[in-house]
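Notes follow once the structure below has been shown.
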Amino acid sequence: MAGHKGETVINPVVQEEITGCGIASVANILGKSYAEMKSIANAMGVYASDKSLWSDTQYVRRMLSSAGVETSTNEIPFESWSALPDLALLSIKHHQEDGKNFWHWVVFKRVDGQAFVLDSASYLSSSTRTDFDEMKPKWFIEVCYGAVSA
């Protein structure tokens, strides 16, 4: 897609650390590189090596908020792909370790009626996914478009 003002350029960020999906997802929303977002996150005391990134929503919320991007206050149960807002953080790959919930962060986007997921996992052949039946979101956080800078 062209990069005219108001158009979305899809150039997905791939996580550079095995635990960096939260940082990469925020980078995908803000249009930053992984290195830029990692530097910002580290300055905020957020590190990919912290397993809490997989089990606490406050880290991604803080990173987005510091960039002036608003999110829904609560996690919203996933009902269907069509019911999702145009921009959302999704939790997939839910599992438990020592009684604690963990997940993988991905970004859902709908642009001009076309829905897709930006998945930062480095093992994927393409970071832009439309295999919706394969992903099993449990809940999502709405990301408010109006606050995202162009």
Largest fluctuation, Asp56, Asp86, Asp112 only, Gaussian network model of the chain with Cα springs under 10 angstrom, belongs to Asp112
Set Lys51/Lys136; Lys38/Lys93; Lys32/Lys93; Lys109/Lys138, cut-off 19 Å on Cα-Cα distance; pairs above it are Lys51/Lys136; Lys38/Lys93; Lys32/Lys93
Treating every alpha carbon of the range 45-134 as one equal point scatterer without solvent, the Debye formula yields log10 I(q)/I(0) values at q = 0.10, 0.15 Å⁻¹ of -0.29, -0.66
Here the averaged projected area of the chain, based on the convex hull of its alpha-carbon atoms and given in nm², is 8.8
Rounded to the nearest Å, the spacing of the alpha-carbon centers of the range 20-77 and the range 106-131 is 17
Largest fluctuation, Lys100, Lys109, Lys32 only, Gaussian network model of the chain with Cα springs under 10 angstrom, belongs to Lys100
Note on the range 17-150: contact order normalised by length, alpha-carbon pairs under 8 Å, 6 or more apart, percent, works out to 29
Here the longest stretch of the chain that holds no GluC sites (Glu not before Pro) in a DSSP loop having at most 16 other beta carbon atoms within 10 Å is 80-133
Which of Gln15, Gln114, Gln58 fluctuates most in a GNM of the chain (C-alpha springs under 10 Å)? That residue is Gln114
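Treating the beta-carbon of each Lys and Arg as +1 and of each Asp and Glu as -1, no other charges, what is the dipole magnitude of the chain about its Cα centre, to the nearest 20 debye? Numbers along the way, then the final one.
Details: 13 positive and 18 negative charges, 44 e Å.
Its charge dipole is roughly 200 debye.
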tail above 17 Å in the computed P(r) of the range 88-142, as % of all Cα-Cα pairs, reads 38
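Rule-based calculations on the coordinates, nothing more; no lab input. Since this is a predicted model, take the numbers as computed values, not measurements. When we count neighbours, we look across all protein chains shown, and the Cβ atoms used for this are built from the backbone with ideal geometry, even at glycine.
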